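**Student:** Provided herewith is a single structure, encoded as structure tokens, for subsequent inquiry.
The values are calculated or read from the model by the stated rules, or taken from the named source; none is laboratory data. On a predicted model such as this, the values are computed, not experimentally measured, just so you know. In this analysis, Cβ positions are derived from the backbone assuming ideal geometry, glycine residues included, and neighbour counts consider all displayed protein chains. Areas reflect the complete protein model, heavy atoms only, side chains present, ligands, DNA and RNA absent. Shrake-Rupley method; radii C 1.70, N 1.55, O 1.52, S 1.80 Å.
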Amino acid sequence: MNDALNYVNTEGLKFFGKVNASISHELKNILAIISETAGFLNDLTELAKQGKELKLSLLENCSTSIVEEIQRGFTTIKQMNRFSHSVDVPVTDIDLVETLDLMAGLSGFLSSAANVSIENKCTESKTIRTCPFLLQNFIYQILCFVYESTGPTGEIRIHLLEEKEKGVLLTLFSSAQMSVEKFPDEKMKKTAGILGIEFKTNHSFYEINLLIPYAVETITQLDPNG
Amino acid sequence: MKILLVDDEQKFINMLAKRLALRGIEAHVAYTGEDALKKAGDTVYDVAVLDIKMPGISGVQLKKELSPLHPNMQFIFVTGHGGIEKSEDGSSEKDIYLSKPLDIEFLIETIEDLTHTG
């Protein structure tokens with residue numbers, strides 16, 4: 001129990017730092033575009049003062065670009081906010097699709113990130129009782145592992161399928177051959193152990209199968225309120 | 001003077017290239033390291049402004065590949081990250097790093113210093 005809690009804390013801090021660094025990188029890129037666009041508008045203004053003709057299409061393009069980047073910034077901040085609140089409670093009920101979507105978005109800031117799509121084949125929305133922050137950490141680790149093979153031009157498809165009484169079967173299909181001899185590594189095994197996640201043995205060079213349980217004892221023990 | 005701007009943030013370098021052009025500097029853009037190598041194969045650039053973190057070939061790796069081809073080419077690294085771990089990325093202490101968002105006048109001063117055209 002203490003071992004699990006220590007692991008969640010130490011690995012969690014590293015994960016939190018890594019994700020926050022990638023978010024700040026994304027926000028800097030957004031601000032850099034807005035800054036250059038505003039600078040270009042200033043340049044055009046100066047030229048207009050000197051009597052040069054000002055093309056309206058240029059102004060329109062600039063304002064469109066600024067609006068798009070502000071929207072990109074809002075999306076990033078929304079993701080950052082959702083991520084930050086995942087440490088509010090140690091154990092809670094979560095929507096797995098929402099968690100996958102958030103991790104696909106946040107890991108998407110990495111330069112190695114591939115395109116990720118999620119297909120939910122569960123008949124109804126299934127909640128998972130888990131440690132949301134640790135599950136995010138685990139999914140992020142798995143996505144980063146697959147990105148190593150796919151690179152930024154590759155694709156990952158994630159399927160969710162209900163396994164009655166047990167949990168949700170998560171299958172990740174990679175567009176590129178993965179180094180399965182490295183999978184799962186010790187960190188993944190440890191995280192999966194605490195979360196009660198089972199690595200299905202039928203993973204292959206192009207496919208990873210994980211069974212996410214609806215709830216497990218090791219997780220509920222992390223909740224001081226029982 | 002010819003400048004090569006390399007960054008996967010396309011809007012950023014397109015806008016930067018336009019602003020440099022207004023100041024009389026010819027800047028070409030490449031969105032990937034591979035594209036940059038192709039462009040540098042066709043054109044001799046005085047300075048390459050490279051984003052450090054890019055999908056595929058990183059800015060540091062790109063410098064390693066461009067330097068032997070163009071020994072006189074000067075390099076400026078641009079980063080969206082707060083800090084640079086020089087020992088890990090293999091770049092030299094002499095390399096110049098600028099942080100996003102850029103100050104265009106400072107960028108031009110840096111380019112002029114590197115090319116002794118200021």
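**Student:** Might you check whether a residue that is more than 19 Å from the chain's Cα centre (by Cα) and within 20 Å of A:V87 (Cα to Cα) occurs anywhere in segment A:158-174?
**Tutor:** no
**Student:** Considering (1) open to solvent by less than 20 Å² (accessible area, probe 1.4 Å); (2) β-branched (V, I, T); (3) within 21 Å of A:V91 (Cβ to Cβ); (4) not in a strand (DSSP E or B), say which one A:V146 fails and leave the rest.
**Tutor:** Only one criterion in (1) open to solvent by less than 20 Å² (accessible area, probe 1.4 Å); (2) β-branched (V, I, T); (3) within 21 Å of A:V91 (Cβ to Cβ); (4) not in a strand (DSSP E or B) is unmet by A:V146, namely (3).
**Student:** Failed condition for A:A32, given (1) more than 9 Å from chain B (Cβ to nearest Cβ); (2) farther than 30 Å from A:E162 by Cα; (3) touching a helix residue (DSSP H, G or I) at 6+ places or on another chain (Cβ under 8 Å), with all others met?
**Tutor:** Going through (1) more than 9 Å from chain B (Cβ to nearest Cβ); (2) farther than 30 Å from A:E162 by Cα; (3) touching a helix residue (DSSP H, G or I) at 6+ places or on another chain (Cβ under 8 Å) one by one, A:A32 breaks only (1).
**Student:** Moving on to the next point. Being touching a residue at least 60 places away in the same chain (Cβ under 8 Å), among the hydrophobic types (A, V, I, L, M, F, W, C) and more than 26 Å from B:I57 (Cβ to Cβ) narrows it down to one of A:I34, A:I128, so name that one.
**Tutor:** Answer to the check: A:I128.
**Student:** If a residue counts only when it is modelled with pLDDT of 95 or more and over 25 Å from A:A114 (Cβ atoms), which helices (runs of 4 or more DSSP H) contained entirely in segment B:25-118 have at least 1 such residues?
**Tutor:** In segment B:25-118, the matching helices (runs of 4 or more DSSP H) lie at B:33-42, B:59-69, B:104-115.
**Student:** Let me spell it out: the conditions are (1) in the same structural domain as A:T153 (by TED's automatic domain parsing); (2) within 30 Å of A:A4 (Cβ to Cβ); (3) open to solvent by 80 Å² or more (accessible area, probe 1.4 Å), and A:R82 meets all of them except one. Which number is the exception?
**Tutor:** (1)
**Student:** For residues in segment A:98-130 being more than 11 Å from the chain's Cα centre (by Cα) and within 14 Å of chain B (Cβ to nearest Cβ), which is most open to solvent (accessible area, probe 1.4 Å)?
**Tutor:** Here is the first cut: in segment A:98-130, the ones more than 11 Å from the chain's Cα centre (by Cα) are A:111-112, A:114-115, A:117-130.
From what's left, within 14 Å of chain B (Cβ to nearest Cβ): A:111-112, A:114-115.
Numbers: A:S111: 43, A:S112: 50, A:A114: 13, A:N115: 86 Å².
Among those that are more than 11 Å from the chain's Cα centre (by Cα) and within 14 Å of chain B (Cβ to nearest Cβ), it is A:N115.
**Student:** Tell me which helices (runs of 4 or more DSSP H) are completely within segment A:1-111 and hold 1 or more residues being aliphatic (A, V, I, L, M) and more than 30 Å from A:G196 (Cβ to Cβ), or say none if there are none.
**Tutor:** Of the helices (runs of 4 or more DSSP H) lying wholly inside segment A:1-111, those with at least 1 residues that are aliphatic (A, V, I, L, M) and more than 30 Å from A:G196 (Cβ to Cβ) span A:2-49, A:56-84.
**Student:** Restricting attention to segment B:29-36, does a residue exist that is in contact with a strand residue (DSSP E or B) (Cβ under 7 Å, 6 or more places away or on another chain), open to solvent by 20 Å² or more (accessible area, probe 1.4 Å) and closer than 22 Å to B:D95 by Cα?
**Tutor:** Among the residues of segment B:29-36, at least one is in contact with a strand residue (DSSP E or B) (Cβ under 7 Å, 6 or more places away or on another chain), open to solvent by 20 Å² or more (accessible area, probe 1.4 Å) and closer than 22 Å to B:D95 by Cα, which makes the answer yes.
**Student:** Okay, next question. Would you confirm whether any residue within segment A:57-76 is within 13 Å of chain B (Cβ to nearest Cβ), acidic (D, E) and surrounded by fewer than 17 Cβ atoms within 10 Å (Cβ to Cβ)?
**Tutor:** Yes; the residues of segment A:57-76 include at least one that is within 13 Å of chain B (Cβ to nearest Cβ), acidic (D, E) and surrounded by fewer than 17 Cβ atoms within 10 Å (Cβ to Cβ).
**Student:** Give the residue, chosen from B:K53, B:K39, B:K2, that is open to solvent by 30 Å² or more (accessible area, probe 1.4 Å) and facing chain A (nearest Cβ under 10 Å).
**Tutor:** Answer to the selection: B:K53.
**Student:** Could you say which residue among A:N61, A:N81 is closer than 19 Å to B:L20 by Cβ and modelled with pLDDT of 95 or more?
**Tutor:** Numbers: A:N81 fails: closer than 19 Å to B:L20 by Cβ.
None of the other options fit; the residue is A:N61.
**Student:** Something else: Scan A:F40, A:F74, A:F83 and give me the residue that is over 18 Å from B:D7 (Cβ atoms) and either out of contact with any Leu (no Cβ under 8 Å at 6 or more places or on another chain) or free of Cβ contacts under 8 Å to residues at least 24 places away in the same chain (or both).
**Tutor:** Going through A:F40, A:F74, A:F83 in turn, just one is over 18 Å from B:D7 (Cβ atoms) and either out of contact with any Leu (no Cβ under 8 Å at 6 or more places or on another chain) or free of Cβ contacts under 8 Å to residues at least 24 places away in the same chain (or both): A:F74.
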